[in-house]
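**Q** To start, I am sharing the structure in question, which I have written as structure tokens.
Read-outs: derived from the displayed coordinates by stated rules, not from any lab. The structure displayed is predicted, hence computed values, not measured ones. Here Cβ is always computed from backbone atoms with ideal geometry, including for glycine, and neighbour counts include all displayed protein chains.
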Amino acid sequence: MMSSLRALLLVCSLLVPGLAPAAESDPLESINRPIFVFNDHLDRYLLKPVAEGYRFVLPDPAERGVSNFFDNLQDFNGTLNALLQWRLPEAARNGGRFLLNTSFGVLGLFDVATPMGVDRYRTDFGHTLARWGAPEGAYLVVPLFGPRTVRSGLGNIVDTYGSLETQVDDVRTRNTLYALDIVDSRVRLLKAEELITGDRYIFIRDAYLQQRRALVTEGAVEDSFSDFENGWEDDL
């Protein structure tokens, strides 16, 4: 679920230069569209109101701390994926970020690594699969989880089971982290979704495919819209 919201958060990467629209990868559009409508209604009447209430109640410093916390968990996943891609400098960078922010940043609530010049290398297991030659596959809209390709969907499954949140033994704590991650991801979408124009299905599809291809061809997502990041990747 979290990766779904993060995927939609990256609709902004439609603006990545040099990449053409990616509509040709949607042979299942007649199936995808009804699922998209279901997800969109669920988001509009449930997730978005919750996110707006969360933003209204929580002070900005606390909201930023929650976002930093989950970004820090993503840096752990990014370290593992960079190692699997045999990108050792990037693995060291993400690992360094994770150690710095976990220790000096109070479990990641404060991002002390970025001001020190230790920038995030954005990656996931879908990117790792692409790195080793796995084909992209068709575009899919998964109920509750949003946009995917076959490759990124398989990657999301691996990333979820390899995440630190999943390793928490206490069920109540683990589910609380999942829920808070979803809300945090949806809050970040509140501004980004204002960029959506025209046919929402086509806009989100093309932006998602473009973002995934930018990740594969350039090795990292351009960071111009990082405030709207980590991913609707994954969220309704």
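**Q** What helices (runs of 4 or more DSSP H), lying completely within segment 85-188, carry at least 3 residues that are under 26 Å from ASP60 (Cβ atoms)? Please lay out each step first, then the result.
**A** Numbers: elements: 88-103, 125-131, 150-162.
Passing ranges, in order: 88-103.
**Q** Report, by residue number, each residue of segment 36-70 that is closer than 28 Å to LEU99 by Cβ, surrounded by 12 or more Cβ atoms within 10 Å (Cβ to Cβ) and of a type in the set (D, E, K, R).
**A** GLU63, ARG64
**Q** Starting from residues that are more than 12 Å from ASP75 (Cα to Cα) and not hydroxyl-bearing (Ser, Thr, Tyr), keep the ones in segment 93-106 and report whichever is surrounded by the fewest Cβ atoms within 10 Å (Cβ to Cβ). Show your work before the answer.
**A** Taking segment 93-106 as the starting set, the residues that turn out to be more than 12 Å from ASP75 (Cα to Cα) are 103-106.
This time we only want the ones that are not hydroxyl-bearing (Ser, Thr, Tyr), so: 104-106.
Working: PHE104: 11, GLY105: 20, VAL106: 13.
So, considering only residues that are more than 12 Å from ASP75 (Cα to Cα) and not hydroxyl-bearing (Ser, Thr, Tyr), the one surrounded by the fewest Cβ atoms within 10 Å (Cβ to Cβ) is PHE104.
**Q** Mind listing whichever residues of segment 139-195 are among the small types (Gly, Ala, Ser) and crowded, with 17+ Cβ neighbours inside 10 Å? Walk me through it before giving the result.
**A** Step one: list which residues in segment 139-195 are among the small types (Gly, Ala, Ser), which gives 146, 152-153, 155, 162-163, 179, 185, 192.
Within segment 139-195, GLY146, SER152, GLY153, GLY155, SER163, SER185, ALA192 meet the criteria.
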